[in-house]
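As structure tokens, the structure follows; a few thoughts come after it.
Computed from the coordinates by the stated procedures, all read-outs in this text should not be read as laboratory data. Quantities reported herein were computed from a predicted structural model and do not represent experimental measurements. Every residue, glycine among them, receives a Cβ derived from its backbone with ideal geometry; neighbour counts consider all protein chains shown.
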Amino acid sequence: MNDAQTPAPKRPGRPRAENPRTERITVRLLPEELAKLEEQAAAARIQVSVLARKKVADSPNVQTRSIAPETESAIRSIYAELGKIGSNLNQIARGINAANLAESPVVGTEIREQVNEMKYALRGIMDWLDRLS
């Protein structure tokens, strides 16, 4: 028998996995969250990493939303415009406050209230857009 026909000697130890896990993520938990995960793993008699992987893979609570690219683009444009409007309202409010401090004849109370209402409305719209995207 020559060297080409001699089978390679088997390496001692654990055989290599057919599909090894090579990717890694890091998750930060509160101490009580880790304790709960460890309890669940101990009760199931499995490693914490196996339980975490199972929870990620089998989680029914994960909600995925698919938004059309055109819709996402429109939402981003609206969000940008609302940001500009909010900035303008802040400048108006700042001007009114400065006029009131200088005892100018500008009656700012009613205007300030309307500006504040607009700011709250804009914040609500921006929060709604954040939940969509």
For Ala98 paired with Gln40, estimate the spin-label separation in nm (one decimal), with each label point 7 Å from Cα along the Cα-to-Cβ line. 5.5
Partners for Lys84 among lysines (Cα-Cα distance below 16 Å; same-chain residues under 8 apart left out): Lys119
J(HN,Hα) series, the range 47-55, from Karplus relation 6.51 cos²θ - 1.76 cosθ + 1.60, nearest Hz, glycine and proline x: 6, 4, 5, 5, 5, 4, 4, 5, 5
Quick calc: nm separation of the 7 Å Cα→Cβ label points for Val27 and Asn116 -> 4.3
Would you list which lysines come within 29 Å of Lys36, measuring only between C-alpha atoms, while excluding same-chain residues fewer than 8 positions from it? Lys54, Lys55
